[in-house]
Amino acid sequence: MLIESASLWLAATNCWVVATDAGGPAVVIDAPPDPPGLGKLLARNDLYPHTLLLTHGHVDHMGGAGWMADRYQLASFVHPDDDFLTLHPEDQLTHIFGMTPEGDFAPPSRLDALWDGLVVEMAGLRLETIHTPGHTPGHCCFYLPEEGVLFGGDQLFAGSIGRTDLPGGDYPLLMQSMGKLFDLPGETRVLPGHGPSTTLAVERRHNPFLADLA
């Protein structure tokens, strides 16, 4: 199993690529608005993207989705509860920067729907979708049970959790969603949307935001 990442764009967002081996098709998890960076990440192991999974609709995670869809003609998946974000990245950028920076932030022309429990079987991989609303209404994590890996997006970080002060954020709901993750084995490795990897067991013991879940 090949799992590679690059930290891209202004927000240092982790883009993950997953493949059974180098030189073949890959599933891409999140697409920051950095086409050169995305291309270099794929070229590093001669991978061809087959499917794009978006953990949520924030522009730092989906701003490169339109470019990827046009460049590689791949399917893109996101939870429909985040359509208000995914389909209108310019609104997010105006909210953050007070303007729309230069660049192509367009979403793909067609988005396929994710939902809780959906098993995505693509490129020789099997990923389970876990809907974890709170950071955004449609936020999803992707679990690779054979490898004991969880692609956590902005739900859970090493020593922290996703912010809930942006439109659609809901702190009590995010904490409720955390319970779904802690049903997984403690040794599950969490590959987040920002920052270094961790494990569920480490976060359960040491993450100051999760004391009430201990």
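The values are calculated or read from the model by the stated rules, or taken from the named source; none is laboratory data. Quantities reported herein were computed from a predicted structural model and do not represent experimental measurements. Quick reminder, even Gly has a Cβ in these numbers, built from the backbone with ideal geometry, and neighbours come from all protein chains shown.
Quick rundown of the values:
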quantity: Selected residue (only one of 101, 108 is modelled with pLDDT under 95 and either touching a strand residue (DSSP E or B) at 6+ places or on another chain (Cβ under 6 Å) or in a strand (DSSP E or B) (or both)); calculated: 108
quantity: Whichever residue in region 35-58 is aliphatic (A, V, I, L, M) and farther than 20 Å from residue 113 by Cβ and, among such residues, is surrounded by the most Cβ atoms within 10 Å (Cβ to Cβ); calculated: 38
quantity: Some residue of region 12-32 being under 16 Å from the mean Cα position of the chain (by Cα), over 22 Å from residue 190 (Cβ atoms) and in a loop (DSSP other than H, G, I, E, B); calculated: no
quantity: Region 69-95, residues that are closer than 20 Å to residue 140 by Cα, assigned to a helix (DSSP H, G or I) and touching a helix residue (DSSP H, G or I) at 6+ places or on another chain (Cβ under 7 Å); calculated: 85, 86, 89, 92
quantity: From 170, 183, 212, 165, residue being surrounded by 12 or more Cβ atoms within 10 Å (Cβ to Cβ), out of contact with any strand residue (DSSP E or B) (no Cβ under 8 Å at 6 or more places or on another chain) and among the acidic types (Asp, Glu); calculated: 170
quantity: Filter pass, residue 26 being surrounded by 18 or more Cβ atoms within 10 Å (Cβ to Cβ) and more than 30 Å from residue 168 (Cα to Cα); calculated: yes
quantity: Tally of residues being farther than 11 Å from residue 106 by Cα and either surrounded by fewer than 20 Cβ atoms within 10 Å (Cβ to Cβ) or in contact with a Phe, Trp or Tyr (Cβ under 9 Å, 6 or more places away or on another chain) (or both) across region 78-91; calculated: 5
quantity: Any strands (runs of 3 or more DSSP E) falling wholly within region 119-192 and containing at least 2 residues that are farther than 18 Å from residue 58 by Cβ and aliphatic (A, V, I, L, M); calculated: 119-122, 125-131, 149-153
